[in-house]
Every structure is written in C-alpha cells, then in structure tokens.
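One structure is given below, encoded as structure tokens.
The numbers here are math on the coordinates, done by the rules we state, and not lab data. Because the structure is a prediction, the values reported are computed rather than measured. Positions of Cβ are backbone-derived with ideal geometry, glycine not excepted, and every protein chain shown enters the neighbour counts.
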Amino acid sequence: MSGIAITQHSGQGGNDDDRAATYVVGFTNDCDYVCDGVADNVQVQQAVTDLAANFGTGRIVLREGTYDIQVGIMLTAAGMVLGGQGWSTILQGDQDNYTIDIQADYVVVRDLRITQVAGSGSVGARPNCIHITGQDYAEVLRCRLSGDETVADDGSNYRQNGVFIANGSDNCKVEGCMIRDQMRSGITVDWQTVTDADHAKIINNRILGNTYYAIYVNGADHGLIEGNLIYDNVYAVTIAGAAQHWRIIGNHIHDNDYEAIAAYNDDILDTIIVGNVCYSSDRSGIRVQDQCFIAANICADNARNGISAEERCTIVGNYCYGNDSAHTNTYDGIVVTDGPETVISGNVCYLNDRHGICLAGGTTRASVSGNTCRDNGQDGIRDASAGLNAICSNTCYSNDSDGVEVNAADNDLVAGNSLTTNGAYGIMVDNAAIENQFQNNYTKSNATACARINNANCARNIFTNNCFDEGDISDVGGAHGCIAYLNYDPSGGAMITTINSPTVVGGGGGALP
C-alpha cells in the first residue's frame, strides 16, 4: 500500500468534505490498494477494514475499471462512503448473497456500476446487487445495477434484487440509479419478520426489465416513491403487506405487464398517489383498496381500468382516457367496487371502451360530482351498486349509450347534471332500480329520449324539476309507482307529460303538471 491519500481525490466518490480520510483503490501503482482483475474484492475489503481501523470512517474511491468480486464487500463503518468514478467503475459480481452489503448507519454507495455475471451465486443464495442489513440512513446514489436473468428464480423476494432494504433499515434512500434486468425486483423494501423498514425514499431512478417488480414494498411505512421512470417490468410499483402512509408522486410508468401502481390489500391505508403518468399497462393504471388519495394522475391506454378503487378513497382531478385498450367492452375510466364513502370529483374520463365512471358491487354512500365523461363506449356514468350515492353536477356528453344509467341501485340522488348528445338516453333507469331521485338535470340532443324508465320493477323513482329538451320521458308503463312532475321542455316551451303526478293537498286538490 502506498499510503493514505487525504483530500486529493475529492469529487471522485464519496462526499466533498476536504477533511475526510480517503483511500484509493484501482489498477495503477499510484493507488493505495492495487487490484489485478482477479478476486479484487480482497483489496476493496482491506481498504474498508483499514479505513475503519485507522480513522473510524471516511471515503474509498474506486478508480475506473472492472473489478472481479468473488466474495461480497461488507461496509462496516458508520458514515463510510464507497464511490466510483461513474459507470466506468464496474463491480462484476460472481458471489453469493450480495455484491455490497451495507452493515452500518449513514453509509453511502455512489457513482458505480454493479453487473452480476451469468450464473452468479449458488442456488438458495443468488445475490442482490446491494443489500442494506438493518441499518439506517444508508444511501445508494447514481449507480447502475444490472442483474442476472440467465439463472432460475431463487424463489424469494429477499434475493436477486437490485437494492434490498431489509427490516429495521429506516430512512434509506435510492436516488438517480438505473436498475435493470433483476430476476426479482429492482428495489425491495421489506419488513421480513421483525420490524419495519420505514421512511424509505426512492427518487428519480430508471427501473426497467425486471422479471418481477420494479419497486416492491412489503409492510414498511411512511415512504416516498417520486420521479421514477418505470417500464418493461412484470409488476411496476406494488405496495403490499400492511404498508401504510406511502406517497407515490410524479412517476412515469408505462408498458408493464400488471398494474402501474397497485396497493390493494385490506391492511394498506392512507396511500397518496398524485401526479403520476400511468399508461399502456397490461392491467389497470392504478388499483387501490382502502383510504387512498388519488389526484391529478393521467391513466391512459391501459388494458383494464384507468383507476380501480374500493373503500373510502378520494379520487380527484385525474384524466382517464383510452382504457380497456384491447376493446373488450369490460373496463372503465374509473371503477369503484365494494367501496363505501368514496369521493370521485373533478375527473375527466373519455374514450374508455366501456363507462367513464362506474360504481359497482357493494359501493354505497359515494359522491360523484363535477366530473366530465365524454365519448366513452357505453355510459358516461353508470351506477350498478348498492346505492345511496349522490351523482351531482357532472357533464356527460357524446357517450355511445346513456349519459347516466342507474342500474339496480337504490336511493340515489342524481341532480344538477348536464347530459347531452349521448347515443341513447340522457338518463336510464333499469333493472329494478328503486326509490331514486332525479332532479334539476339538463338533457339535450340525446339520440333516443331525455330519460327512460326501462323496467316495470323500477319502482318509486321520482323525476322532478328537470329540464328535458327532448320532450317526454320514455316509460315502460305498468304499476311501478314512479313519479314525474314539474319537468320542462324548453324547445317545446311547455311542461312534459307527468307520470303518476302527486296530488296537491289543499287549494282544490288538483294534480301537479
């Protein structure tokens, strides 16, 4: 060893603190540790050991070149920085378990490339590129991490990842990296069996071509996934286990085999999904379950739904278009299934193959307001749920079927909507929908009629104070007990025909117009 270099190599890796002790590892004689291209992990590990022994911590700079790594490198001193000179510093991994293992707090790995050679590791010990073992505030910055997809899947989420953040590793960060071609995941944040790996930050990475997940979170809380470009993976961003309070913001996610963003376990709560672009997924753009806030996302040209949600979610200000891209007439712009107390407001849903917005299953007490639904393959808004929903102040036009259809739902309020130029009716009531109220809606230029009561079992629905430009309601007839009165046709300049008008009490007892 030629000696200890102090500060001369500032900027070649590690931090820029001129007082930091620095060892240089490379292939020329001016380096503190000289490698020869065979088992270079020996020299790198010795540099780590000596730096910890002599100074407690500091920087190790890996010069440009390809380093043969046959045993994983363990970073054991708190605050240590292992830095390369960019992606021309290559660690060629041919070892079990990991190429780099971070075993202390505040360790930084930066500006280098790890490539797993074909067949690296043994069965049951296939390596991660970087493994963080229960340590806090570790950082992986501007690294390129390439896996080995020539070997079989080792059958565990704990192996064959680009970065594995293990249980108890809090406040870790992966930023500015390219992570690709891992047999498992680009990045896994996993609580395993003991404690969470909380407050992780996954920022501005490019993650592609991984056999399972781009980003997989299992049970960790309070993390941030922001500004990543994610494509050509099987799964993109998956929040699983009982993970809570994650923020997924401003990512660009496309052409993955499953959902772009998925968080659909009963125990996952309070996920915030804002400002993402999710398109051309082979499943849905965004699929969530409980208590999620979904705002200002673009979900386009996905093979299933733009957004699929369940209980107590807030879905605000999203653009969902061109979904059900295979044209199966099965999926929607936004669908809520079995979800009480969901808010759907201010979204724009268009050119989806089925409905713009669909309420289904056990959905109840939902609020659907201020949305624009146009040019969808069936209805603008369809409620085929358990009912008690409010569908108010929406604009639905040029949909192939109806503006709003209430299908088997009961006790809805449909009010203040503008329903124009749809391919069938402005409003359709069908399939034993009971005791719904339709008031203060405006319909015009719908192809068939303003509204239709389509089934004799659609009992006790009330239409009042609507402005129906197409004239009379189309009524299936029969003793369904529906009521329509005080509805006005502006083109005809007259009230439309009443249905079972209520009787005025007092003042002569006449029927309302």
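So here's what we get for this one:
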quantity: Dipole magnitude (debye, nearest 20) for region 335-476, charges at Cβ of Lys, Arg, Asp, Glu; calculated: 200 debye
quantity: Amide H contacts under 5 Å for residue 98, placed H, 5+ residues apart; calculated: 72, 128
quantity: Cα-centred dipole magnitude for the chain, charges only on beta-carbon of K, R (+1) and D, E (-1), debye, nearest 20; calculated: 620 debye
quantity: Relative contact order of the chain, defined on C-alpha pairs under 8 angstrom at six or more residues apart (%); calculated: 5 percent
quantity: Under-5 Å amide H pairs with residue 410, H placed in peptide plane, nonlocal only; calculated: 387, 388, 434
quantity: The chain: C-alpha gyration tensor shape, a/c 1.5 cut-off, then a/b vs b/c; calculated: prolate
quantity: J(HN,Hα) series, region 26-34, from Karplus relation 6.51 cos²θ - 1.76 cosθ + 1.60, nearest Hz, glycine and proline x; calculated: x, 10, 10, 6, 7, 7, 5, 10, 9
quantity: Cβ-defined net charge surrounding residue 381, 13 Å radius [Lys, Arg +1; Asp, Glu -1]; calculated: -3
quantity: The chain - mean residue ellipticity at 222 nm from DSSP helices (-39,500 (n - 2.57) per run, n ≥ 4, rounded to 500); calculated: -1000 deg cm²/dmol
quantity: Shape of region 122-271, Cα gyration tensor, a/c cut at 1.5; calculated: rounded
quantity: Under 12 Å, Cβ to Cβ, from residue 459 - net charge with Lys/Arg +1 and Asp/Glu -1; calculated: -1
quantity: Region 27-123 - charge dipole about Cα centre, Lys and Arg +1 at Cβ, Asp and Glu -1, debye rounded to 20; calculated: 240 debye
quantity: Among beta bridges that DSSP assigns inside the chain, antiparallel share in %, nearest 5; calculated: 5 percent
quantity: 5 angstrom amide H check on residue 332, placed H, neighbours 5+ away; calculated: 305, 306
quantity: Rh by Kirkwood over Cα pairs, then Stokes-Einstein D for region 257-353 at 0.890 mPa s and 25 °C, µm²/s; calculated: 195 µm²/s
quantity: Net charge of Cβ neighbours under 11 Å - reference residue 448; Lys, Arg +1; Asp, Glu -1; calculated: -1
quantity: Karplus-derived 3J(HN,Hα), 6.51/-1.76/1.60, for each residue of region 122-139, Hz, glycine and proline x; calculated: 9, 4, x, 9, 4, x, 7, 5, 10, 10, 10, 9, x, 10, 9, 6, 6, 9
quantity: For region 412-426, 3J(HN,Hα) per residue [Karplus equation, 6.51 cos²θ - 1.76 cosθ + 1.60, θ = phi - 60°, Hz, x = Gly/Pro]; calculated: 7, 10, 10, 9, x, 8, 9, 10, 9, 6, 7, x, 10, 10, x
quantity: Difference of contour (0.36 nm per residue) and Cα-Cα distance, residue 330 to residue 282; calculated: 15.9 nm
quantity: Cβ-based charge dipole, region 369-417, positive-most Cα from 377, 401, 414; calculated: 414
quantity: Selected from 423, 163, 207, residue furthest toward positive end of dipole (the chain; charges at beta carbon); calculated: 423
